[in-house]
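Here is the structure we will look at, set down as structure tokens.
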Amino acid sequence: MKARAAKLVLGAGILMLPLLVSAPLRAQVAAATLAGTITNQSGAVVANAKISVKNLVTGQSSETQADSNGRYNVPNLIPGDYEVSVSAEGLPTKVAKVTITQGATQTMNFTLGGVLSLGDLGFAPNQTQGSAQDQARLDKRSHMLKVHQRIGLIATAPIVASVFTGIFAGGKSTSSTDRWTHLALGSAAGDLYFLSAYYAIRAPKIPGTETRGPIRLHKALAWIHGPGMILTPILGAIAFDQKSKGEKVHGIASAHAPVAIVTAAAYGAAILSVSIKW
């Protein structure tokens, strides 16, 4: 009788074992939600943005898409640490980390900017993490390259204007006013160009950073417009002196206009290489 009772107890224990094991697992089964709104820098909603939520422990990912009002909702998430990636056409991808707690609906809004991201500047995702010293160097490099970009864009105005005024500065009926205007615009263009170049050259280097994509083309074009920005004002000064003496532009100074045009074209192509989404 006792043996039979023992068998019954053992059998009941075996039957209950799966329930006892699965109970704590069910407690951690997808019981949380991540939701929020996607906007751009001007505050307008970004419709149809793609959202990917990756569990950093299991490696499993959940993907969804924002609605026409920029809202997204990712349900059935187990508690833990996640990496959230948000992307939209024409805007740089935004990546952030979040810790999901059990049974909660967590709000996480994203603002997608229209400026260069660290990925656009040539950084791999693993290079955005590290020690405080590495992060400080990365932040400084990112800041200096963004300043380089802004000043470079500003420099396009006097560069284009100097090329345009050069048409009138080199003719037979050139007035001294035309020449001085061309000289002033050329000087402003050169000052802004070399200030922009300073920030690019002095930006801290990150060991192991691989130059790729549009950045590689951007740097290659610098080998054309860089020397051109040095040679153009030198040739221009010689041509200016010749015209001021009433002479016709001759000798090496006659290359001033072609060199300036090639330099401006290479500079424009360099800007377009990192402005267009390939």
>> Give all pairs with beta carbons closer than 7 Å in which a residue from region 236-247 that is at negative phi meets a residue that is in a loop (DSSP other than H, G, I, E, B); count only pairs at least 6 apart in sequence or on separate chains.
In response: Ala239/Val249; Gln242/Val249; Gln242/His250; Lys243/Thr174; Lys243/Val249
> Of the residues that sit in region 72-103 and are farther than 20 Å from Val46 by Cβ and not in a strand (DSSP E or B), which one is least open to solvent (accessible area, probe 1.4 Å)?
Replying inline: Pro79
> Just checking, how many residues over region 240-262 are of a type in the set (Ser, Thr, Tyr) and within 17 Å of Ile167 (Cβ to Cβ)?
Replying inline: 1
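Going residue by residue through region 265-278, is there one that turns out to be part of a loop (DSSP other than H, G, I, E, B), among the β-branched types (Val, Ile, Thr), open to solvent by 60 Å² or more (accessible area, probe 1.4 Å) and over 21 Å from Phe164 (Cβ atoms)? Step through it out loud before you land on a result.
The first filter runs over region 265-278 and keeps only residues part of a loop (DSSP other than H, G, I, E, B), leaving 274-278.
In the following step, the residues that additionally are among the β-branched types (Val, Ile, Thr) were identified as 274, 276.
So of that shortlist, the ones also open to solvent by 60 Å² or more (accessible area, probe 1.4 Å) come out as 276.
Next, only the ones that are over 21 Å from Phe164 (Cβ atoms) stay: 276.
Checked against the condition, which is being part of a loop (DSSP other than H, G, I, E, B), among the β-branched types (Val, Ile, Thr), open to solvent by 60 Å² or more (accessible area, probe 1.4 Å) and over 21 Å from Phe164 (Cβ atoms), region 265-278 yields at least one hit.
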> Of all residues in region 138-160 being among the charged types (D, E, K, R) and surrounded by fewer than 17 Cβ atoms within 10 Å (Cβ to Cβ), which is modelled with the lowest pLDDT?
Replying inline: Asp139
> Among the residues of region 247-258, is there at least one that is at pLDDT 90 or above, part of a helix (DSSP H, G or I) and under 26 Å from the mean Cα position of the chain (by Cα)?
Replying inline: no
>> As an exercise: evaluate Trp223 against (1) surrounded by fewer than 16 Cβ atoms within 10 Å (Cβ to Cβ); (2) touching a helix residue (DSSP H, G or I) at 6+ places or on another chain (Cβ under 6 Å) and give the number of the one condition it does not meet.
In response: (2)
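Listed here are the residues, each with its yes/no results for (1) more than 19 Å from the chain's Cα centre (by Cα); (2) among the acidic types (Asp, Glu); (3) over 22 Å from Gly166 (Cβ atoms).
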residue: Asp178; (1), (2), (3): yes, yes, no
residue: Leu192; (1), (2), (3): yes, no, no
residue: Ile206; (1), (2), (3): no, no, yes
residue: Ile230; (1), (2), (3): yes, no, no
>> Looking at region 54-78 only, could you name the residues that are farther than 12 Å from Met108 by Cα and touching a Ser or Thr at 6+ places or on another chain (Cβ under 6 Å)?
In response: Lys54, Ser61, Glu63, Gly70, Pro75
>> Quick check on Asp67: is it surrounded by fewer than 18 Cβ atoms within 10 Å (Cβ to Cβ), free of Cβ contacts under 8 Å to residues at least 24 places away in the same chain, charged (D, E, K, R) and more than 25 Å from Val274 (Cα to Cα)?
In response: yes
>> Every residue in region 201-218 that is at pLDDT 75 or above, of a type outside the set (D, E, K, R) and farther than 19 Å from Ala136 by Cβ, please.
In response: Ile201, Pro214, Ile215, Leu217, His218
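Among the residues of region 116-137 satisfying the criterion of being hydrophobic (A, V, I, L, M, F, W, C) and surrounded by 11 or more Cβ atoms within 10 Å (Cβ to Cβ), which is modelled with the highest pLDDT? Break it down into steps so the answer makes sense when it comes.
Of the residues in region 116-137, the ones hydrophobic (A, V, I, L, M, F, W, C) are 116, 118, 121, 123-124, 132, 136.
Next cut, surrounded by 11 or more Cβ atoms within 10 Å (Cβ to Cβ) only: 116, 118, 121, 123-124, 136.
Values: Leu116: 51, Leu118: 53, Leu121: 54, Phe123: 55, Ala124: 56, Ala136: 78.
Ranking the qualifying residues of region 116-137, first place goes to Ala136.
The values are calculated or read from the model by the stated rules, or taken from the named source; none is laboratory data. Worth saying up front: this structure is predicted, and the values here are computed from it rather than measured. Every residue, glycine among them, receives a Cβ derived from its backbone with ideal geometry; neighbour counts consider all protein chains shown. These area figures cover heavy atoms from the full protein model, side chains too; ligands, DNA and RNA do not enter into them. Shrake-Rupley method; radii C 1.70, N 1.55, O 1.52, S 1.80 Å.
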